[in-house]
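None of the figures in this text is laboratory data; all of them are computed from the coordinates on show. No experiment lies behind these values; they were computed from the predicted model shown. Cβ: placed from backbone, ideal geometry, glycine included. Neighbour counts: every protein chain shown.
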Amino acid sequence: MLVLQTQAGHPILSLTCPSEEKRLQVNVPGFTPIGSEDRLSIGSAGEVEALVADFRGDRQLGGVTATGAVPSNLAALVGGPVSASYGSQTSGPHPAVPQDVVRSFVAGCRNRPAAGTPHAGMPGRLVSPCLVQDGRELSAQPMRAIGTEPFWAARIEGRCVTYSHPEDQPGTRLWTRYTATQHGGMWTGALDGRPFVLRTRKAPSCSDGMSDKSYPVAVELMVHDERRKGCAEPV
């Protein structure tokens, strides 16, 4: 199963390959069933696949569910910003799924191990893609970071960093590469085509410059070609 979620953890779009059935099932809970519409399309860029939708809706999952044979181009369908359409309704494009997650999902749908993927380290349960890197579950502790002058904030979950500021209060989620360091960690990605690098280090007396509160972690952020500083704490 591959699930795209909101920041609050609610499903936006899910793709499932039932065991041994060699078929793909797609559910979009935000779609409204249309009694005369039995086609749901999903894809990325120029790759699109039409599946047969249940026009009565899905009472269990909500929204609309469609099924079909596992497409031969499944990797291309989910390898970039994914979109789904049903009648005049659309969902996406959503942020691209990390390639190691795509490979594992596609291999699972075809009932064979993903080449070069070390499955021994993967748990036998559903894990958020934010917590998976190179086929292994990350052990990085979730954190909340904050900075002033200018104001900014970041929510960190595994390799996902949701960066926000006064002009983007809901925040933008970035897929980064996480690297553990001797005294903290580093998250490397891109925002608006420019480098985004967030580093943390232990600093028991870090101050946000606005209150008397002390944070256990200091943060240095490079974004939009500017270097910013802040503090963070586990959540």
TODO: Show me 200-212, 159-171, 60-72 ranked by packing, highest mean number of other Cβ atoms within 10 Å first.
DONE: 60-72, 159-171, 200-212
Open item on the list: Need the C-alpha centroid separation for the stretch 190-234 versus the stretch 159-188, integer Å.
Closed with: 10
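Pairs of Cα atoms under 8 Å, at least six residues apart: use those to get the relative contact order of the chain, whole percent.
Working: 522 pairs, mean separation 25.2, N = 235.
Relative contact order for the chain comes out at 11 percent.
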Task: Helix 99-109 axis, angle to the chain major axis (alpha carbon atoms, nearest 10°) - done: 30
- [ ] Under a cut-off of 30 Å between alpha-carbon atoms, report the lysines in cross-link reach of LYS202, not counting same-chain residues fewer than 8 places apart.
- [x] LYS213, LYS229
Task: Karplus-derived 3J(HN,Hα), 6.51/-1.76/1.60, for each residue of the stretch 61-68, Hz, glycine and proline x - done: 8, x, x, 10, 10, 10, 9, x
- [ ] Give me the percent of Cα-Cα pairs in the chain that sit more than 25 Å apart, rounded to a whole number.
- [x] 49
Open item on the list: Let me spell out the model: positive unit charges on the Cβ of Lys and Arg, negative unit charges on the Cβ of Asp and Glu, origin at the Cα centre of the stretch 2-129. What dipole size does that give, in debye rounded to 20?
Closed with: 260
Task: Fully extended contour minus Cα-Cα distance, from THR32 to HIS94, at 0.36 nm per residue - done: 20.4 nm
